[in-house]
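Participant: Would you mind keeping the following structure in view while I ask a few things?
The values are calculated or read from the model by the stated rules, or taken from the named source; none is laboratory data. Just so you know, these numbers come straight off a predicted model, no measurement behind them. Glycine also receives a Cβ, built like all others from the backbone with ideal geometry; neighbour counts cover every protein chain displayed.
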Amino acid sequence: MSVVRTPCVKSLRSRQFNVVVTSGSEGSEKTLSPQSLTSLFGEKPKSVSYSSLLEQIRNGDVSTLELVPARREVRVTYPDGTKSTVSIFVNDQQILRAAEASATPLTVRDIRGEQAMAGLLGNLGLVLLLVVGLSFLLRRSAQMANRALGFGRSQPRLKPQEDLQVRFEDVAGINDAKEELEEVVTFLKQPESFTGLGAKIPRGVLLVGPPGTGKTLLARAIAGEAEVPFFSMAASEFVELFVGVGASRVRDLFRQAKEKSPCIVFIDEIDAVGRQRGAGIGGGNDEREQTLNQLLTEMDGFADNSGVILLAATNRADVLDAALTRPGRFDRRIDVSLPDRRGREEILGVHARTRPLDPEIDLTAWARRTPGFSGAELANLINEAAILTAREQQPFISDRQLEGALERITMGLSAKPLQDSAKKRLIAYHEVGHALVAALLPAANKLDKVTILPRGAAGGYTRFMPDEEKLDSGLITRASCLADLVVSLGGRAAELVVFGPLEITQGASGDLQMVSQLAREMVTRFGFSSLGPVALEGPGTEVFLGRDWFSQRPGYAESTGQAIDTRVRDLAKQSLDQAVALLESRRDVMDRLVDALMEEETLHHDRFMELAGLG
């Protein structure tokens, strides 16, 4: 079909045009009316003013009218099919008279029923929304009520037996503690061998030791060896906002444990609820003390040989209440200390089982290089080495990765190397001063390495290997303390010898703090001064929960305090003078070592001793 306009077309409203439509092969013609053309091309509704509408009605140019009083409008339909909507006045009479005079068809449309239905639907929607909101609030209230009713219930983590895969062979480096705990396993497995002789199963075992020594791992190993249920809970989980909740949870915990006896109840960080009562400023009616009282009652209320053993771990045994640590509650106290050299070697071997280590790695040597490391720190050392190995895309963990992991743990992340040669030389003299003084003093710790490669906040550092026998025995001699003072001031002494008193830097600030602390302990705690064999201060002066709030005055006279300060300064000055004397006579050796350190950036023990002529 094709549509052809004649050239005389002017506008749609003039109606002075003809449209011829040809269709099919016969070429038949069809003339479209203006109304058909309007519907064909889809002309939009007209926009008519009120006065124009009245004139159109009087002239008979309107086909029909539809009056909607509720909306104060009239809908107009023209003969050509177009429509328009015109707003009118309330109770408009002119439209009615004009339509009546021109005999124009007029209909009135009542939409009040539609409006009522729309209003009803809107109200129903509002009511429905209100009902949904109320139901949501009621459900939340019910949940909170159930939670409030369950506040007093204990929620310990009961480990299934298949999850308790830790055994004593997986715990290394703390053999003394394992031997003590083997009897606990025997109590749980064969209680009749003890009850036949009138012996009672221990009610509680307290594991005391520094963080990371394996206290929690030991508790899991006991449950794994004895093959009994293992309840685990942190002491801080007992205490809540509401008073009485902690005591209720303690009762519920022991009720569950008795139902599954023989079993083990493990409370980690028991000092959170087991602190001394009456030590706080706020009195003794707080939630923590009520929880402790209930715990004491439950431990004393055990039936004989009930098969429930309470294990607890803490690294602050000094703050525990005396009623908690007495026999009958915690019958045994097992110290889990830091591992010795053989223990560290065993721990490294345990963690090396699941890591691909280079066969050339000597774990014994690495055990010697990690004195004072706990089991957790040794595990972190192996893990960091594995991460470095994966980053370098190597198949095996070698000594180089272990070395990088050790420096990352002890000194921090590696920093960008220094570019200023003058600053590098100053740092080199400072670190060589520490290392050379240590090499010259027999009582000093053995040098491991000296480097000017920055790590963490340090521009360079000197690392020593502490004496293993001194660490294991826990004994400190006066000679070793004096040697530590001289070595700590070796960096400041090197700056004085090389650059003079006006060019010394603040790089020795950390060394000076160490010297001040050690010298004060020598005078006030160890009796290593002319003041005599008296202990003027304790190992710690921290305020404990207000117990020592009003007893912080020193237990010596003011004149004694002045004498202490004098002795501390004398020790520091004597140590600095000794370090300066050692380095002044070996200036050429120090220069040679600094030149080598500037070139190689790191000198290990053998290389350093060779260059110093002390090998």
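Participant: Report, by residue number, each residue of the range 442-454 that is free of Cβ contacts under 8 Å to residues at least 60 places away in the same chain and either within 16 Å of Val486 (Cβ to Cβ) or assigned to a strand (DSSP E or B) (or both).
Facilitator: Pro442, Ala443, Ala444, Asn445
Participant: Where the second residue is charged (D, E, K, R) and the first is within 17 Å of Val487 (Cα to Cα) and lies in the range 575-603, which pairs have Cβ atoms under 7 Å and are six or more apart or on separate chains?
Facilitator: The qualifying pairs are Leu576/Arg492.
Participant: Moving to a separate point now. Working only within the range 71-130, note down all residues that are loosely packed, with under 11 Cβ neighbours inside 10 Å, in a helix (DSSP H, G or I) and of a type in the set (Gly, Ala, Ser).
Facilitator: Ala101, Gly113, Ala116, Gly119, Gly122, Gly125
Participant: Take the conditions outside the structural domain of Glu495 (by TED's automatic domain parsing), surrounded by 22 or more Cβ atoms within 10 Å (Cβ to Cβ) and either touching a residue at least 24 places away in the same chain (Cβ under 8 Å) or in a loop (DSSP other than H, G, I, E, B) (or both) and apply them to Leu378. Does it pass? Full working, then the answer.
Facilitator: Numbers: outside the structural domain of Glu495 (by TED's automatic domain parsing): yes; surrounded by 22 or more Cβ atoms within 10 Å (Cβ to Cβ): yes; either touching a residue at least 24 places away in the same chain (Cβ under 8 Å) or in a loop (DSSP other than H, G, I, E, B) (or both): yes.
Yes: the conditions hold for Leu378.
Participant: Against the condition more than 30 Å from Ile347 (Cα to Cα), modelled with pLDDT of 80 or more and not assigned by TED's automatic domain parsing to the domain that holds Arg329, how does Gly152 come out, does it pass?
Facilitator: Judged against the criteria, Gly152 is not a match.
Participant: Kindly evaluate Phe194 against the criterion of being crowded, with 18+ Cβ neighbours inside 10 Å and among the aromatic types (Phe, Trp, Tyr).
Facilitator: Taking the combined requirement at face value, the residue does not satisfy it.
Participant: I've got another one for you. Out of Gln562, Gln517, which single residue is exposed (fewer than 15 other Cβ atoms within 10 Å of the Cβ), modelled with pLDDT of 90 or more and under 30 Å from Gln276 (Cβ atoms)?
Facilitator: Details: Gln562 fails: under 30 Å from Gln276 (Cβ atoms).
Within the list Gln562, Gln517, the selection yields Gln517.
Participant: Looking at Asp570, is it surrounded by fewer than 15 Cβ atoms within 10 Å (Cβ to Cβ) and modelled with pLDDT of 85 or more?
Facilitator: Numbers: surrounded by fewer than 15 Cβ atoms within 10 Å (Cβ to Cβ): yes; modelled with pLDDT of 85 or more: yes.
For Asp570, the condition - surrounded by fewer than 15 Cβ atoms within 10 Å (Cβ to Cβ) and modelled with pLDDT of 85 or more - is met.
Participant: I'd like to verify a number: residues in the range 594-610 that are surrounded by 18 or more Cβ atoms within 10 Å (Cβ to Cβ) and either over 19 Å from Leu426 (Cα atoms) or polar (S, T, N, Q) (or both), how many? Steps first, please.
Facilitator: Initial filter on the range 594-610 (surrounded by 18 or more Cβ atoms within 10 Å (Cβ to Cβ)): 594, 596-597, 603, 605, 608.
Now drop any that are not either over 19 Å from Leu426 (Cα atoms) or polar (S, T, N, Q) (or both), which leaves 605.
Matching residues across the range 594-610 total 1.
Participant: Quickly run through the range 554-592 and pick out the residues that are of a type in the set (Lys, Arg) and under 46 Å from the mean Cα position of the chain (by Cα).
Facilitator: Arg567, Arg569, Lys573
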